[in-house]
Each structure stands twice: as C-alpha cells, then as structure tokens.
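What follows is a single structure, written as structure tokens, with notes after it.
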Amino acid sequence: SLCAYGGVDIKPQIAEIRLGVEVLVATPGRLLDLVEQKCLNFNSVQALVLDEADRMLDMGFMPDVTRIINLLPVQRQSLLFSATFSEEIKKLADKMLQAPELIEVAKRNTVSETITHRVHPVAADAKRALLVKLLKSSEFNQVLVFTRTKLETGRLARELQRAGIKADAIHGDKSQLDRIKALEAFKGGQTDALIATDVAARGLDVDDLPYVINYELPHTPEDYVHRIGRTGRAGKMGNAISLVSAHEVGYLVDIEKLIKRPIEQVEVAGFEPEPEYEYPP
C-alpha cells in the first residue's frame, strides 16, 4: 500500500508506484498529478473508497473527484464515507453509486455518548485570558483548540507561547511536512496545545485526546460534530469545551438543535460574558 499526497516531492511516490501497489490512498489533486505523469493505470481497479466525502464537497474537490471517477472501470465497487449526511452528499451518492446500500453506524449527525459538553459564556475580549487560565490548570495537558480562520490560528498559538504555554498551530497554508511535524510533536507530548482550523484537523487522529476546546464556535453546526469527534474515541471519555460570547449564541442554539441536547453553561468568575449575552436569544 502507498499513501500519496501533495506538498511533498512526487518522485519517491512515482518510484514506489512503479514497484507495484495494491492499495493506494491519495488526495484527489496528487492522484491526478500521478495520472498526468503516466505512472498510474486504473484498468484493474476493483474498488474506489471516497472518505470524508462531505468535506471534499465543502472544499471544492468534486471536479477532481469526478475526473478520477471517469478514469475508473465502470465495473467496480464504490464506497462513500461521510460523518455528516446532507442533501448534497445524498445527491453525490446517487450520482456516483448504483442502487447504494446505506449503512449508518450511529444516528445521523449524532455525537458520542463518551463526550461531556460544556459551554463557558465569556466576553469576546476575555476569551484569550480564559483559555490561558484553562490551559495552565493541572486538569489540561493535551488539548486541541479550534479557531475559525488560519490567521486566528497562528496568532493564538503565538499569544499562548508568550503566556508560557507550549503551543503550535496547523492550518491549510502550512506545508505538509510542517503539519506532520506539528502533529507528531503534539502526539509525543512536546506540545500541550495544538491550535487548528477545521480543514487542518479533519481526519486528525490522536489516541486518548482528553480535551477539545472551541475557542470560536463553527458557523456550521455539523462542523461542531466533526471537531469534538477528535475526543472520546474508541470508548474513551472525552471533554468538549466551548468559549461562547454574545454574538455566538445563535450558533450555539443551532448546535444544540443538531445534537438534540442542551449543553451545560458554566460561568467562570472574573470571565463573565457581555451584558448583551442572552440565552436563548
């Protein structure tokens, strides 16, 4: 088997493919690069697996995926995996699969019962100070922190470092090698807090990750399900903490509707929300 992705030299990947590969795991762009280098032949492909299908749709990968599908033998098995199941995913499944069998491992868009959810209502300008307080307490040792933008990710990591916390950031603009290095340092315990965007953390697997903190709530409630799914894996207990300011209450309500449960709200003394914080809005 071979894993092929962009952001690194293509030559070693070509050399390995020429030795023969039975299972190829690849990103769509790099797979098409390999096709253009004329080192791949799809004639004998028996199965296509499309993982993270919902994120591929969100990120505009579908034209590449469609090109790949058109290069494959008509007679094959196709499998499509998605953590959330939207109308767009249903359309994609209908287009890509013939009379597909739908298998749901858990109810649609549900979250693991092993995860404890908590919201800290806090003023937007006090979020960073509250995050520092949380990360410096003995309870927190390995934490994945989500922000909404690449810019905020890098900035927050630098501010945490200045506060004496071992922090690093991963986002889409970092090279693949830099992302791998940051992730390995986090898994190995050299980094206590890894600050990430939704894109960078998709599919990220860390054994025994006790805490996920949403520094900012996602605007799409399904992204909350993906984010917190990094903790509480394989039957272990996990904690999802969200720092929510007044302008984010609407997103919180959408998340609660999707996961079909209210999330406990706990104010931290000295880090109260804005006077206009109103729940329900």
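The values are calculated or read from the model by the stated rules, or taken from the named source; none is laboratory data. All values reported here derive from a predicted model rather than from experimental measurement. Positions of Cβ are backbone-derived with ideal geometry, glycine not excepted, and every protein chain shown enters the neighbour counts. With ligands, DNA and RNA removed, areas are computed over all heavy atoms of the protein, side chains included. Shrake-Rupley method; radii C 1.70, N 1.55, O 1.52, S 1.80 Å.
Summary of computed values
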item	result
V111 crowded, with 17+ Cβ neighbours inside 10 Å, over 24 Å from the mean Cα position of the chain (by Cα) and either within 18 Å of V212 (Cβ to Cβ) or at pLDDT below 95 (or both)	no
Scope the range 1-47; condition within 21 Å of L57 (Cα to Cα) and charged (D, E, K, R); matching residues	R30, D33
Only one of V244, V206 that is hydrophobic (A, V, I, L, M, F, W, C), open to solvent by less than 60 Å² (accessible area, probe 1.4 Å) and more than 30 Å from Q176 (Cβ to Cβ)	V244
Number of positions in the range 5-51 that are in a strand (DSSP E or B) and either at pLDDT below 90 or in contact with a Cys (Cβ under 9 Å, 6 or more places away or on another chain) (or both)	4
Of all residues making up the range 60-73, the number that are surrounded by 13 or more Cβ atoms within 10 Å (Cβ to Cβ) and either basic (K, R) or not in a helix (DSSP H, G or I) (or both)	3
Subset tally (residues that are β-branched (V, I, T), more than 23 Å from D54 (Cβ to Cβ) and either in a strand (DSSP E or B) or in contact with a strand residue (DSSP E or B) (Cβ under 8 Å, 6 or more places away or on another chain) (or both)) for the range 215-262	2
All positions within the range 141-154 that are of a type in the set (D, E) and either within 23 Å of E264 (Cβ to Cβ) or open to solvent by 90 Å² or more (accessible area, probe 1.4 Å) (or both)	none
Positions within the range 190-203 being closer than 22 Å to R162 by Cα and open to solvent by 40 Å² or more (accessible area, probe 1.4 Å), in sequence order	Q190, D192
Some residue of the range 260-270 being among the acidic types (D, E) and over 21 Å from the mean Cα position of the chain (by Cα)	yes
Residue selected from the range 155-178 under the condition without any contact (Cβ under 8 Å) to a residue 24 or more places away in the chain and within 28 Å of C3 (Cα to Cα), by the criterion surrounded by the most Cβ atoms within 10 Å (Cβ to Cβ)	D178
Yes/no for S138 being open to solvent by 60 Å² or more (accessible area, probe 1.4 Å) and among the hydroxyl-bearing types (S, T, Y)	yes
Condition met for E256 (under 21 Å from the mean Cα position of the chain (by Cα) and either open to solvent by 20 Å² or more (accessible area, probe 1.4 Å) or without any contact (Cβ under 8 Å) to a residue 12 or more places away in the chain (or both))	yes
Residue in the range 118-127 that is open to solvent by 60 Å² or more (accessible area, probe 1.4 Å), outside any strand (DSSP E or B) and modelled with pLDDT of 75 or more present	yes
Qualifying residue in the range 55-69 (condition: in contact (Cβ under 8 Å) with a residue 60 or more places away in the chain and closer than 25 Å to D205 by Cα)	yes
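Okay, residues lined up against (1) closer than 30 Å to Y224 by Cα; (2) without any contact (Cβ under 8 Å) to a residue 40 or more places away in the chain; (3) surrounded by 12 or more Cβ atoms within 10 Å (Cβ to Cβ); (4) aromatic (F, W, Y):
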residue: G7; (1), (2), (3), (4): yes, no, yes, no
residue: Q13; (1), (2), (3), (4): no, yes, yes, no
residue: D33; (1), (2), (3), (4): no, yes, yes, no
residue: L48; (1), (2), (3), (4): yes, yes, yes, no
residue: Q75; (1), (2), (3), (4): no, yes, no, no
residue: E88; (1), (2), (3), (4): yes, yes, yes, no
residue: Q98; (1), (2), (3), (4): no, yes, no, no
